[in-house]
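Take a look at the structure set out below.
The values are calculated or read from the model by the stated rules, or taken from the named source; none is laboratory data. Everything quoted here is computed from the prediction, not taken from an experiment. Cβ placement follows ideal geometry from the backbone for every residue including glycine, while neighbour counts extend to all protein chains displayed. Note: areas computed on protein heavy atoms with side chains; ligands, DNA, RNA excluded. Shrake-Rupley method; radii C 1.70, N 1.55, O 1.52, S 1.80 Å.
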Amino acid sequence: MKYILNWTIAWLAAIVVLLLRWTCRVRLHNDPRPALRAAGVPYVYSVLHAHQVAAAMGGEAGTAAMVSQSLDGELIVPTLRLMGVTPIRGSNRTRGQTKGGREALAGLIEHVNSGKPAYLAVDGPRGPRNRVHKGVAALSKKTGAMVINMVAVPERRWILSKTWDRLQIPQPFCRVHGYFAEPVRPNEEESLEDYRRRIEASLNALEAEHDPAEAPTVVVEEAASDEIAA
């Protein structure tokens, strides 16, 4: 019974997001993807957990996304499929038990090496909010892909203020602005942690510039040493 209920909720949510996508207009700013495609340079998307729904409004078909094995992850899978995104299940190591993070990272690496982009909600699945985890840095280093930080800002939105990420949902018939930072290039001589910090600084500066009302003033720096995926 619980499975049927979760399945129903997941598909209802997917239909709602699909309807939102049809009613909302997307405007992209400083989009680096045409130049990267022309140069044959692979790339991976880096977005905040709070922006997942808004980012889906302009999702790129053929992208693979890491999705946690939690209930939240289960609920988002139908939405991703309807958007043409391939879900790859996995998450961080939690309380000493693996949740498939390494396997999912391997799947993303294979996907990016095939010439297609990948997508990570880089401060998920449990936060801290705006704290970029190491998965996106590891994926970029292992594939040579550029990291494209993006924030999605709806002109009208609902904000779930009681959730850890302050999840944003665009209101129907609004415009969603997608702002891109300059692509972040991996450096072989740079440590994974230093690269992670560079990605985090770029993403948080982008949000502070284009959505200062939602950008936190302090980003928590603590994280598990064995974290693998966003």
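Here are the numbers:
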item: Long-range HN-HN contacts of Asn130 with modeled amide H, under 5 Å; result: His49
item: Global geometry of segment 82-193, whether rounded, prolate or oblate, following the gyration tensor of its Cα atoms and the 1.5 cut on a/c; result: prolate
item: Local net charge near Met83, Cβ-Cβ under 11 Å (Lys/Arg +1, Asp/Glu -1); result: +1
item: Percent antiparallel among DSSP beta bridges (both partners in the chain, rounded to 5); result: 35 percent
item: Under 11 Å, Cβ to Cβ, from Ala215 - net charge with Lys/Arg +1 and Asp/Glu -1; result: -2
item: Mean accessible surface per residue for the chain, computed with a 1.4 Å probe while every protein chain stays in place, in Å²; result: 50 Å²
item: Anisotropy class of segment 127-185 from Cα gyration tensor, a/c 1.5 cut; result: oblate
item: Within the chain, helix-based [θ] at 222 nm, where runs of 4 or more DSSP H residues each add -39,500 (n - 2.57), nearest 500; result: -12000 deg cm²/dmol
item: Accessible-area composition of the chain, carbon plus sulfur, in percent [1.4 Å probe]; result: 56 percent
item: Where Met1, Met66 fall by accessible area, highest first, once all protein chains stay in place (1.4 Å); result: Met1, Met66
item: Sequence of Ser140, Ser161 when ordered by accessible area, the most exposed leading, probe 1.4 angstrom; result: Ser161, Ser140
item: Separation between Cα centres of segment 154-216 and segment 17-72, rounded to whole Å; result: 12 Å
item: Calculated from backbone phi, Karplus (6.51, -1.76, 1.60) coupling profile of segment 174-186 in Hz, x at Gly/Pro; result: 9, 9, 10, 9, x, 9, 9, 8, 4, x, 9, 9, x
item: Phi-based couplings in Hz for segment 10-17 (Karplus 6.51, -1.76, 1.60; Gly and Pro marked x); result: 4, 6, 4, 4, 4, 5, 4, 5
item: Total formal charge among the other residues, if their Cβ is under 13 angstrom from that of Ala205, Lys/Arg +1 and Asp/Glu -1; result: -3
item: For Ile88, distant residues with modelled amide H under 5 Å away; result: Ala65, Met66, Val67
item: The chain: Lys pairs at Cα distance under 17 angstrom, eight or more positions apart or on different chains; result: 4
